[in-house]
Every structure is written in structure tokens, then in C-alpha cells.
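J.: This is the structure I have questions about; it appears just below.
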Amino acid sequence: MSSKVVEIQSELNGIIEKLLSNGINKSQVQDKYILPPNERPQMSEVCCYSENIPVVDLKDLDGPKRSRVVEEIRRACEEDGFFQIVNHGVPEAVMKSMMGIAKEFFEMPVEDRACLYSEDPNQRVRLSTSFNIGKEKVLNWRDYLLHPCHPLEEVIGSWPEKPAAYREIAGKYAIEVRALVLRLLASISEALGLSSDYLNRILGKHSQGMTVNYYPPCPNPDLTLGLTGHSDASAVTVLMQGDVNGLQVLKNGKWVSVEPIANAFVINLGDHLQVVSNGKFRSVEHRAVTNASTARISISTFYNPSQEVFIAPAASLVDEQHPALYRGYQLEEFMRVFWAQELKGKNALHNFKIEYS
Ligand code: OGA
Ligand code: NI
């Protein structure tokens, strides 16, 4: 073998070793994934009442009872920052196929996936592990695939080539989820007392990204997290969490498990909507825990402003009683701050807070 071939092979082996989805069954948790005792998930203290997170039925969203549904969304956004939706209009078959192809992606031979590996947050399409391994002291028990979704025809050519059906299936899913997000943006605008098209307008050309999260079974879920507690650097996030439990939301200082509901989506507001709503609506911290028996796949769609627009509190939500809580920024600046650190609570958003003395 030439030295070039040897070099490439050893680089590939290094990547395969970093990935959790490398086909090797783990019998114990390596030190690099073990959290200090006070940061461990402490599962016995987690609440399991799914009714703690509201479920909003969108059946009547586009009919005469719209205002009732908008009111439910307003309450959910104000109090929880999180809700599940049913009768949302995304066909069950599209959701199932997306989940299936995501599973195929993480179960195909690791060599077919390792070529996409990167730790560079500037890489728009990449497979990676944990969150930001250049910045983390302890790693998350997660691999993920990340890519942009909009405008679809401009980005789809950069998506994974394997499995062969990935682009077609994920493309259909991305289009359906975008249509859903546009309906949600209108209703969230109304819930804020703004005109229906307000959020649609201020997001400029819009951007949409997808993260496919893969949490393999973990030999000791008490020692690790799949994803550290964080709020999302998005306007709105649409999560398909499948049927394996693992998502938890921080509510009144306690972690609450979001129990899977068949064919539902979990919706949460991200940091940009906390800014635009001037703190009226909240981007709430959440995390993912692992389990010992079943691999868990979740698919997040992060819906965002496009790079060039300026995000700031809506003028009509700022007055003497409600001074602007955040300074404005362009997405590029926010994302630079977000990826410059490890994932931790609402650290990124804190950088944009205005301090009044
Ligand atoms: C995320 C996220 C939760 C989950 O991708 O930002 O919070 O259940 N995922 O995987
Ligand atoms: Ni998240």
C-alpha cells in the first residue's frame, strides 16, 4: 500500500472511532462521556406526566374556530415554550418514511457515512458527534447528521448520496414541514397580537435546517446525557421524536419528560422568537437522555431567519413598561456565538441581553 492510502485509511479509522454509530456494541461508558455527579440526569427526579406539556389540536386552525386554537398556542408559548401538535397536516406516511431513512442512514456500514464527518460548525452538511467536540469537556451520547433544507433545489445536491432514497424522502419531508411551519408562524404572529404575516416577513428569505439525531443504547444512562440542556438557536423548532422516550423539558426548575404521542410533532420556540416577542414568549431549555435498550432517533427542523435580516424585538412589543430586553443582531452573529462554545442552557442568548441598571 502506498503511504497516501495508509494515511487515508488511518484518518478514516480515527473518524470511525469517534462516532458512536460505528457498529461496535458498547459494553461500558468511556470516561469522556461521564458527567460530573451534579450534572448527571438524576432520572428518579424527572416528572413523567405528559399532560405537563400542552397538546394542541390543529384540526380547527384554518376554520371558524381559529381564534380558539390561536389562544391555546398563545398560552403554550407564554407558559411552556413547548407543545405537541396533532392533526397538523403532515401525512403519516411522509413522517414514517423520514424516520425509516434516518434509521437506514445510521445503520448502514459506517464507512458509507464517515465520509461526511466534520467537526467544523461552518460545514453546512456534515455528520458529527456530541455537539461541538472542539469545545466540550464531556461528550454527549449522540451522533448527528445536519444539513440545510431551503431553498430545496439549491441545497438537495449537497445531501448524503447514501442511502439512495435519502434525498427523495428527506426532500418530501422538508417540504411538508416547511408548509406546517408557515401555518405555525402565522398563528404565532397572531398569538403575539401582530399581523398574521409578521413573522413570515421578518424572517426574510427564511432558512430551514434539519438535524437527524441518533442516540445509540447507552450501557449506563445515569452517567451521561444524549444532549445537554439547551435552548434552540432557532425561531421555531419542529421535532419528530418517534416512539422512544428521551426528550425532557425544564419546567418550574424540574425536568419533565415529553412522552411520545404517535404521529405528533413537538414544537418549541427558539431564541429568536424570545427576542422578537421581547420575552413574552420563551425559548425553554430541554435535553435528551439516553436509555440502555433502544436506539433513539429524533429529527429536528430548525426554522430560521435568512442570514441578511436583522432580528430585534418587534417595535409594537416595546414601550416604556416593556423596554427592549435584547439588542438586535444578524443571524450570522448569533450563530457564531452559538457555535463558539459548548452547548449550555441559554448561554448564546445571554450575550444579546440589554442590561438596565
Ligand atoms: C435538538 C433537540 C431533542 C431530542 O436537536 O435541538 O433538542 O429529543 N433534540 O432529540
Ligand atoms: Ni433542542
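The values are calculated or read from the model by the stated rules, or taken from the named source; none is laboratory data. Because the structure is a prediction, the values reported are computed rather than measured. Ideal geometry is used to build each Cβ from the backbone, glycine not excepted, and the neighbour counts take in all protein chains shown. Just the protein is used for accessible areas: all its heavy atoms, side chains included, with ligands, DNA and RNA removed. Shrake-Rupley method; radii C 1.70, N 1.55, O 1.52, S 1.80 Å.
J.: Take Ser2 and decide whether it is polar (S, T, N, Q), modelled with pLDDT of 95 or more and more than 25 Å from Val258 (Cα to Cα).
T.: No, not satisfied.
J.: For region 1-44, what are the residues that are basic (Lys, Arg) and touching a strand residue (DSSP E or B) at 6+ places or on another chain (Cβ under 7 Å)?
T.: Lys18
J.: Still on this structure, please answer the following. Within the bounds of region 72-87, is there any residue that is touching a residue at least 60 places away in the same chain (Cβ under 8 Å) and surrounded by fewer than 14 Cβ atoms within 10 Å (Cβ to Cβ)?
T.: No, region 72-87 has no match at all.
J.: Also, I was wondering about something else. Answer yes or no as to whether Leu146 is part of a helix (DSSP H, G or I) and either open to solvent by 40 Å² or more (accessible area, probe 1.4 Å) or in contact (Cβ under 8 Å) with a residue 40 or more places away in the chain (or both).
T.: Working: part of a helix (DSSP H, G or I): no; either open to solvent by 40 Å² or more (accessible area, probe 1.4 Å) or in contact (Cβ under 8 Å) with a residue 40 or more places away in the chain (or both): yes.
Taking the combined requirement at face value, the residue does not satisfy it.
J.: On to the next question. Of (1) open to solvent by 60 Å² or more (accessible area, probe 1.4 Å); (2) in contact (Cβ under 8 Å) with a residue 24 or more places away in the chain, Pro37 satisfies all except one. Which?
T.: Unmet for Pro37, out of (1) open to solvent by 60 Å² or more (accessible area, probe 1.4 Å); (2) in contact (Cβ under 8 Å) with a residue 24 or more places away in the chain: (2).
J.: Here is a further query. So, in region 303-323, how many residues would count as being open to solvent by less than 50 Å² (accessible area, probe 1.4 Å) and either under 18 Å from Glu259 (Cβ atoms) or within 23 Å of the chain's Cα centre (by Cα) (or both)?
T.: 8
J.: Looking only at residues in region 261-289 that are assigned to a loop (DSSP other than H, G, I, E, B) and within 12 Å of ligand 2 (Cβ to nearest atom), which one is most open to solvent (accessible area, probe 1.4 Å)? Reasoning before the result, please.
T.: The initial filter retains those residues of region 261-289 that are assigned to a loop (DSSP other than H, G, I, E, B), namely 261-264, 270, 277-285, 289.
From what is left, the residues that are within 12 Å of ligand 2 (Cβ to nearest atom) are 270, 283-285.
Working: Gly270: 0, Ser283: 2, Val284: 8, Glu285: 50 Å².
Top of the filtered list is Glu285.
J.: Additional query: Given the criteria in contact with an Asp or Glu (Cβ under 6 Å, 6 or more places away or on another chain) and either part of a loop (DSSP other than H, G, I, E, B) or of a type outside the set (Asp, Glu) (or both), does Leu223 qualify?
T.: Here the answer is no, as Leu223 does not meet what is asked.
J.: Which of the residues that make up region 226-260 are within 9 Å of ligand 1 (Cβ to nearest atom), in a strand (DSSP E or B) and farther than 28 Å from Gln307 by Cα?
T.: Correct list: Leu247, Gln248.
J.: Can you say whether Leu343 is in a loop (DSSP other than H, G, I, E, B), crowded, with 19+ Cβ neighbours inside 10 Å and modelled with pLDDT under 95, as far as the supplied structure shows?
T.: yes
J.: I've got another one for you. How many residues are open to solvent by 40 Å² or more (accessible area, probe 1.4 Å) and under 14 Å from Gln341 (Cα atoms) if we restrict to region 122-132? Before you say what the answer is, go through the steps one by one.
T.: Within region 122-132, the subset open to solvent by 40 Å² or more (accessible area, probe 1.4 Å) is 122-124.
When the remaining residues are screened for being under 14 Å from Gln341 (Cα atoms), the result is 122.
Looking only at that region, the number is 1.
J.: Identify, from the list Asn140, Asn213, Asn132, the residue that is within 22 Å of Met98 (Cβ to Cβ) and in contact (Cβ under 8 Å) with a residue 40 or more places away in the chain.
T.: Asn213
J.: Condition (residue is open to solvent by less than 20 Å² (accessible area, probe 1.4 Å), within 16 Å of ligand 2 (Cβ to nearest atom) and part of a loop (DSSP other than H, G, I, E, B)) applied to region 295-302: is it met by at least one residue?
T.: no
J.: Among the residues of region 1-42, write down those that are under 21 Å from Ala114 (Cβ atoms), within 25 Å of the chain's Cα centre (by Cα), of a type in the set (A, V, I, L, M, F, W, C) and in a loop (DSSP other than H, G, I, E, B).
T.: Leu19, Leu20
J.: Would a scan of region 70-87 turn up a residue that is at pLDDT below 95, over 21 Å from the mean Cα position of the chain (by Cα) and on the phi > 0 side of the Ramachandran plot?
T.: No, because not a single residue in region 70-87 is at pLDDT below 95, over 21 Å from the mean Cα position of the chain (by Cα) and on the phi > 0 side of the Ramachandran plot.
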